[in-house]
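S.K.: I have a structure here, written as structure tokens, and I will follow up with some questions on it.
The values are calculated or read from the model by the stated rules, or taken from the named source; none is laboratory data. From a predicted model like this one, the values you see are computed outputs, not experimental measurements. Note that each Cβ is placed from the backbone with ideal geometry, even for glycine, and that neighbours are counted across all protein chains shown.
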Amino acid sequence: MNAKLVCRDVWKVFGSGAADLFASGQTPSSSQLDEAGLVGAVRDVNLDVQAGEIFVIMGLSGSGKSTLVRCLSRLIEPTSGEILFNGENLLAASDARMIEIRRHQMGMVFQNFALLPHMTVLANVAFPLEVQGVARADREARARQMVELVGLSGKEDFFPRELSGGQQQRVGIARSLAVEPELWFLDEPFSALDPLIRREMQDEFMRLQSVLQKTIVFITHDFDEAIRLADRIAIMKDGRIVQCGTPEELVLNPATDYVAEFTRNVSKAKVVRVRSIVKPAPDGLNGAAVPERSTVAEAAPLFTPGVEALRVADAEGKTCGALLRADVVDLMMQG
């Protein structure tokens, strides 16, 4: 895998004279920030987002996660550091270059759907392409494809007020995908939805990712959502990343008391993915397959009476091993 987005020593400090503290090249201490009356919203963040992965940044309210994602796209100007996108230093890019990158290579979905109320679903989805100057026939054809992709065929002529919250969020997702972004930012996109709709949107999101294979930075404060969606998770506290790793690594080997508390009530079976305990498939193993990305908890109900092993399939649907009942029971007994 190759790093699509690289973040090195990134700070975002709010307050008058913040840039002066970094002018000498020295990193300010917390006491220096306090003495100067400054707020360190993002502090010395380092991370790599690999091409094609879902990278989740999570933390409690005020941890700095939303500020960080806005720094990554330069919607907020970082105070110090380096951000590389496809090897290009975004902090050295001109305003015109950043506009071009956001229009053609980045997609963004936020908690507020921000749909244009006077435009139809089709017009909302096509709007980024209109801004790019794409011909009407071409942009509407692309928009129809995206509307179909998110399951809203037949709603093209509806207005946002005529849609449910989940449907409105689907329109927002379709709009962000219309430009075929290389990098997709989603900042708590499902947090305003009812629990059942939220679960449905998570399912839809995973289906889309299985088709599109985008590089995704996803922000959430919900650990259950994070472990369900993420390839890797970075946990933030007071502007810093305190641990980064796979969901399994965070739950099984928390690096700090804070991470341990975050993950304390999470069942291992909800976190450990089938691919982590897969065994070689015996000859003649047939039947429906369990996706290797599924968690053990999701796979467990498929063990009907008499079934001792389930076929495990990779992203392309090919058999890559077997999930054994004995291994599932052992893991679930661990809590």
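S.K.: Which of the residues belonging to segment 126-151 are closer than 17 Å to residue 205 by Cβ and crowded, with 21+ Cβ neighbours inside 10 Å? Break it down into steps so the answer makes sense when it comes.
M.R.: At the first step, the residues of segment 126-151 found to be closer than 17 Å to residue 205 by Cβ are 146-151.
Once the filter is applied, which keeps residues that are closer than 17 Å to residue 205 by Cβ and crowded, with 21+ Cβ neighbours inside 10 Å, segment 126-151 yields 146, 147, 150.
S.K.: Okay, next question. Which residue, of 135, 114, 93, is closer than 30 Å to residue 238 by Cα and over 23 Å from the mean Cα position of the chain (by Cα)?
M.R.: When all the criteria are applied, what remains is 93.
S.K.: For segment 71-108, give me the residue count where each residue is in contact (Cβ under 8 Å) with a residue 12 or more places away in the chain, part of a helix (DSSP H, G or I) and either in contact with a His (Cβ under 9 Å, 6 or more places away or on another chain) or not hydrophobic (A, V, I, L, M, F, W, C) (or both).
M.R.: Adding up the residues that qualify gives 3.
S.K.: Among the residues of segment 182-200, which ones are surrounded by 21 or more Cβ atoms within 10 Å (Cβ to Cβ), out of contact with any helix residue (DSSP H, G or I) (no Cβ under 6 Å at 6 or more places or on another chain) and modelled with pLDDT under 90?
M.R.: 189
S.K.: Output the residues belonging to segment 49-70 that are among the polar types (S, T, N, Q), under 16 Å from residue 240 (Cβ atoms) and either outside any loop (DSSP other than H, G, I, E, B) or without any contact (Cβ under 8 Å) to a residue 12 or more places away in the chain (or both).
M.R.: Pass one, segment 49-70, residues among the polar types (S, T, N, Q): 50, 61, 63, 66-67.
Subset that is under 16 Å from residue 240 (Cβ atoms): 61, 63, 66-67.
Scanning segment 49-70 gives 66, 67.
S.K.: So which residues in segment 138-182 are closer than 28 Å to residue 74 by Cβ, in contact (Cβ under 8 Å) with a residue 12 or more places away in the chain, part of a loop (DSSP other than H, G, I, E, B) and over 16 Å from the mean Cα position of the chain (by Cα), if there are any at all?
M.R.: Matches in segment 138-182: 150, 178, 179.
S.K.: Would you mind telling me which numbered condition in (1) modelled with pLDDT of 90 or more; (2) within 26 Å of residue 203 (Cβ to Cβ); (3) exposed (fewer than 11 other Cβ atoms within 10 Å of the Cβ) residue 280 fails?
M.R.: Evaluating residue 280 over (1) modelled with pLDDT of 90 or more; (2) within 26 Å of residue 203 (Cβ to Cβ); (3) exposed (fewer than 11 other Cβ atoms within 10 Å of the Cβ) leaves (2) as the failure.
S.K.: When segment 257-296 is examined, which residues are found to be closer than 13 Å to residue 327 by Cβ and either touching a Pro at 6+ places or on another chain (Cβ under 9 Å) or outside any strand (DSSP E or B) (or both)?
M.R.: 268, 269, 272, 273, 274, 275, 276, 277, 278, 280, 296
For every residue, the table says whether it meets (1) among the β-branched types (Val, Ile, Thr); (2) buried (at least 22 other Cβ atoms within 10 Å of the Cβ); (3) touching a residue at least 40 places away in the same chain (Cβ under 8 Å).
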{"position": "212", "(1), (2), (3)": "no, no, no"}
{"position": "221", "(1), (2), (3)": "no, no, yes"}
{"position": "226", "(1), (2), (3)": "no, yes, yes"}
{"position": "232", "(1), (2), (3)": "no, no, yes"}
{"position": "236", "(1), (2), (3)": "no, yes, yes"}
{"position": "244", "(1), (2), (3)": "no, no, yes"}
{"position": "247", "(1), (2), (3)": "no, yes, no"}
{"position": "251", "(1), (2), (3)": "yes, yes, no"}
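S.K.: I would also like to ask the following. Looking at 185, 127, which one is among the aromatic types (Phe, Trp, Tyr) and either assigned to a helix (DSSP H, G or I) or over 17 Å from residue 109 (Cβ atoms) (or both)?
M.R.: 127
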